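J.: Would you mind keeping the following structure in view while I ask a few things?
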């Protein structure tokens with residue numbers, strides 16, 4: 001394993017310190033317990049948005065703290081849930097009296113620890129549970145996972161909170177965007193967790209893993225590798241059926257890289273996906289392409305589609321200023 005690290009145990013802290021130093025005009029880093037918060041701090045009377053999860057998905061969460069997005073993010077060790085202590089400290093730092101909304105990816109550890117934190121804080125709070133991964137059946141034992149659609153929820157709700165929406169409105173909006181969003185991904189390689197020192201699973205050169213999550217786990221099936229156009233069509237067909245997308249509808253199309261696939265390939269995937277929807281009379285009116293919800297160095301990508309209306313388009317277009325998402 002070749003990695004640019006000094007010590008595996010210090011990797012997350014070193015990374016967070018470097019992130020905060022590089023973007024000190026946007027964020028602050030609290031070391032113990034670890035969380036990233038906005039700089040300057042959250043404005044008065046604004047609902048505070050807090051998310052988090054295991055490291056290894058950068059820039060998701062920490063890289064999306066700032067104006068129009070999250071007010072704080074709690075990073076755990078690689079693919080490990082943050083602790084309730086981190087969440088409670090983040091609440092204390094950013095809650096200005098308008099309430100706190102937790103945006104939580106649907107993984108057992110994240111859900112449990114955010115629930116523990118919620119039970120221990122005194123102020124008004126609510127939760128949005130993101131479960132956009134349609135590679136799993138709707139009746140999966142632990143529910144569908146939260147993956148790249150988490151960014152879409154954070155952006156839409158972040159814009160609403162910045163504009164002054166109250167806690168109930170922000171929660172309702174987050175749940176609405178989650179229901180309008182579907183994601184599914186494919187991996188060409190596994191990822192290498194530094195503490196493990198080897199790939200989580202093996203794929204032959206002529207194989208791909210269909211329906212992967214973002215923690216280096218296998219997908220729902222291993223298939224022969226296909227040309228990109230066929231892969232995109234297979235992924236998009238699952239989303240099309242799940243959201244019951246019809247001709248004439250407007251959508252946001254997000255092509256998310258898992259960390260090991262270059263942009264030249266991701267933009268080719270975007271073009272193929274856009275052609276797929278255009279052929280069905282679906283209008284792609286907003287787009288996002290790049291590595292936003294990664295799985296360390298995994299090669300592959302996911303496709304996310306969100307059904308839009310005029311309100312959601314306005315929220316997506318609202319100003320945002322974070323280290324990794326800004327307009």
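The values are calculated or read from the model by the stated rules, or taken from the named source; none is laboratory data. Note that the structure is a prediction, hence the values are computed from the model and not measured. Counting neighbours? That spans all protein chains shown, and the Cβs are built from the backbone with ideal geometry, glycine included.
J.: Pick out the one residue from 212, 157, 147, 186 that is within 18 Å of residue 260 (Cβ to Cβ) and in the same structural domain as residue 54 (by TED's automatic domain parsing).
T.: 147
J.: If you don't mind, there's one more thing I want to ask. Which count do you get for residues in the range 121-143 that are free of Cβ contacts under 8 Å to residues at least 40 places away in the same chain and either surrounded by 12 or more Cβ atoms within 10 Å (Cβ to Cβ) or not assigned by TED's automatic domain parsing to the domain that holds residue 155 (or both)?
T.: 4
J.: Would you mention how many residues in the range 66-75 are more than 17 Å from residue 44 (Cα to Cα) and either in contact (Cβ under 8 Å) with a residue 40 or more places away in the chain or not assigned by TED's automatic domain parsing to the domain that holds residue 165 (or both)?
T.: Matching residues across the range 66-75 total 2.
J.: Quick check: anything in the range 249-258 in the same structural domain as residue 214 (by TED's automatic domain parsing) and over 18 Å from residue 307 (Cα atoms)?
T.: Yes, the conditions are met somewhere in the range 249-258.
Conditions (1) in a strand (DSSP E or B); (2) in the same structural domain as residue 200 (by TED's automatic domain parsing); (3) more than 21 Å from the chain's Cα centre (by Cα), marked per residue:
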| site | (1), (2), (3) |
| --- | --- |
| 16 | no, no, no |
| 25 | no, no, yes |
| 32 | no, no, yes |
| 37 | yes, no, no |
| 53 | yes, no, no |
| 63 | no, no, no |
| 89 | no, no, yes |
| 93 | no, no, yes |
| 98 | no, no, yes |
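J.: Here is a check on your reading of the model: is residue 2 part of a loop (DSSP other than H, G, I, E, B) and outside the structural domain of residue 166 (by TED's automatic domain parsing)?
T.: When the stated conditions are applied, residue 2 passes them.
J.: Select from the range 216-247 the residues that are within 18 Å of residue 182 (Cα to Cα) and in a loop (DSSP other than H, G, I, E, B) and list them in ascending order.
T.: Those that are within 18 Å of residue 182 (Cα to Cα) and in a loop (DSSP other than H, G, I, E, B): 219, 220, 244, 245, 246, 247.
J.: What about residue 27, is it within 25 Å of residue 115 (Cα to Cα) and surrounded by 16 or more Cβ atoms within 10 Å (Cβ to Cβ)?
T.: no
J.: I'd like the residue in the range 100-109 that is at pLDDT 95 or above and within 15 Å of the chain's Cα centre (by Cα) and, out of all such residues, is nearest to residue 126 (Cα to Cα).
T.: 102
J.: List the number of the failed condition for residue 21; all other conditions in (1) within 24 Å of residue 318 (Cβ to Cβ); (2) in a helix (DSSP H, G or I) hold.
T.: Evaluating residue 21 over (1) within 24 Å of residue 318 (Cβ to Cβ); (2) in a helix (DSSP H, G or I) leaves (1) as the failure.
J.: If you scan the range 272-302, which residues turn out to be over 24 Å from residue 60 (Cα atoms) and part of a loop (DSSP other than H, G, I, E, B)?
T.: Once the filter is applied, which keeps residues that are over 24 Å from residue 60 (Cα atoms) and part of a loop (DSSP other than H, G, I, E, B), the range 272-302 yields 280, 281, 282.
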